[in-house]
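Here the structure comes first, spelled out in structure tokens, and everything after it is commentary.
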Amino acid sequence: MKKYLYVIKTQIIKSMTYEFNVYGNIIMQTIIMITSAYFWRALYKGQGMVGDVDAESMLTYVVLSSVLSVLLITNVERRIEKSVEKGTVATDLMKPINLFGVYFAEDIGAVIALVFQNMLPILIIGSLMIRVPVMADVHDLPLFLISVIESFLINWLIAALFGMIAFTAVNIDALIQVKKHLLRLLSGSIIPVWFFPAGVARVLESLPFVYIYQLPLSIYIGRGTRAEHLRQMGIQSIWLVILAAAFLIAQKKAAGKVMVQGG
């Protein structure tokens, strides 16, 4: 455990040194957040409720979505890609520490740094320029926090599974960008799934993506009852177990393939 804690500490220090990336991410997320706010204000003009959500709740959704996007940044795909591209993956797998555990620790360290570097500035900007994101029911805070933790784990597992493509495709830069934007769309980060046609919404709700953004955000703004939230969190937990099992299987197959072929 001390090894992984050291990796987390090292990654925090490393993340603090790249100031340009910090400013760039803040500017990008601010632009997306403000543009989305103007879009929803125009959509709700003259209307009280749309999709069982009022305008103020939707603006809270926008601010929290931008804040949550900071916590859901992963680098595991690129780490896998670089390891395979450089040919160091075989020796990395032989080290007395789990390679993917190191990647996970690095992402945890990066997220801790981003909480102070990006999340707080974005939250302050959103509160001043759009709306203070007040939670609908503070009693649901434990559900929200648990859901956020599970959403982070689901997002990381999807990224790690996607990164496994590098073992056969080597260069997956373009695919990473496609996956990133597609996931934001399908997860309800930009447009909640409940605004989609009923048939499309049902399909998307059967996939794990909506449990990354939409579920915790729905809990925060109070859309739905507590019983509905608990049911959806149960589904979220099931997806977490499925993805974790799939990741363990993929990890063993990838390690076996590397050891046989020599990297």
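Tabulated results
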| read-out | value |
| --- | --- |
| Qualifying positions in region 136-151 - of a type in the set (A, V, I, L, M, F, W, C) and within 20 Å of LEU72 (Cα to Cα) | LEU141, LEU143, PHE144, LEU145, ILE146, VAL148, ILE149 |
| Residue match in region 47-59 (condition: closer than 19 Å to GLN214 by Cα, at pLDDT 90 or above, surrounded by 17 or more Cβ atoms within 10 Å (Cβ to Cβ) and of a type in the set (Val, Ile, Thr)) | no |
| Residue under evaluation LEU93, criteria (1) of a type in the set (A, V, I, L, M, F, W, C); (2) buried (at least 17 other Cβ atoms within 10 Å of the Cβ); (3) modelled with pLDDT of 85 or more, criterion not met | (3) |
| Top-ranked residue of region 204-214 - restricted to ones that are in a loop (DSSP other than H, G, I, E, B) and not aromatic (Phe, Trp, Tyr), ranked as farthest from LEU72 (Cα to Cα) | SER206 |
| Candidate set from region 215-250 (those that are β-branched (Val, Ile, Thr), out of contact with any His (no Cβ under 6 Å at 6 or more places or on another chain) and part of a helix (DSSP H, G or I)); member that is surrounded by the fewest Cβ atoms within 10 Å (Cβ to Cβ) | VAL241 |
| Qualifying helices (runs of 4 or more DSSP H) (wholly inside region 90-203; at least 2 residues being among the basic types (Lys, Arg) and either touching a Phe, Trp or Tyr at 6+ places or on another chain (Cβ under 6 Å) or under 23 Å from LEU215 (Cβ atoms) (or both)) | 173-186 |
| Residue match in region 124-132 (condition: of a type outside the set (Lys, Arg), under 18 Å from GLY222 (Cα atoms) and surrounded by fewer than 21 Cβ atoms within 10 Å (Cβ to Cβ)) | yes |
| Residue match in region 46-53 (condition: of a type outside the set (Val, Ile, Thr), at negative phi and touching a residue at least 60 places away in the same chain (Cβ under 8 Å)) | no |
| Residue in region 9-31 that is touching a strand residue (DSSP E or B) at 6+ places or on another chain (Cβ under 9 Å) and either part of a strand (DSSP E or B) or among the aromatic types (Phe, Trp, Tyr) (or both) present | no |
| Check on GLU85, surrounded by 18 or more Cβ atoms within 10 Å (Cβ to Cβ) and of a type in the set (Asp, Glu) | no |
| Per-region count, region 150-193, residues more than 20 Å from VAL89 (Cα to Cα), more than 10 Å from the chain's Cα centre (by Cα) and surrounded by fewer than 18 Cβ atoms within 10 Å (Cβ to Cβ) | 10 |
| Residue match in region 218-235 (condition: within 24 Å of SER147 (Cα to Cα) and touching a strand residue (DSSP E or B) at 6+ places or on another chain (Cβ under 6 Å)) | yes |
| Total residues in region 39-82, condition under 24 Å from ASN25 (Cβ atoms) and outside any helix (DSSP H, G or I) | 4 |
| Any hit, region 135-144, residues being more than 30 Å from MET1 (Cα to Cα), aliphatic (A, V, I, L, M) and free of Cβ contacts under 8 Å to residues at least 40 places away in the same chain | yes |
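The values are calculated or read from the model by the stated rules, or taken from the named source; none is laboratory data. Remember, predicted model here, so these are calculated numbers, not experimental data. Neighbour counts are summed over all protein chains in view; Cβ atoms, including those assigned to glycine, are modelled from backbone coordinates with ideal geometry.
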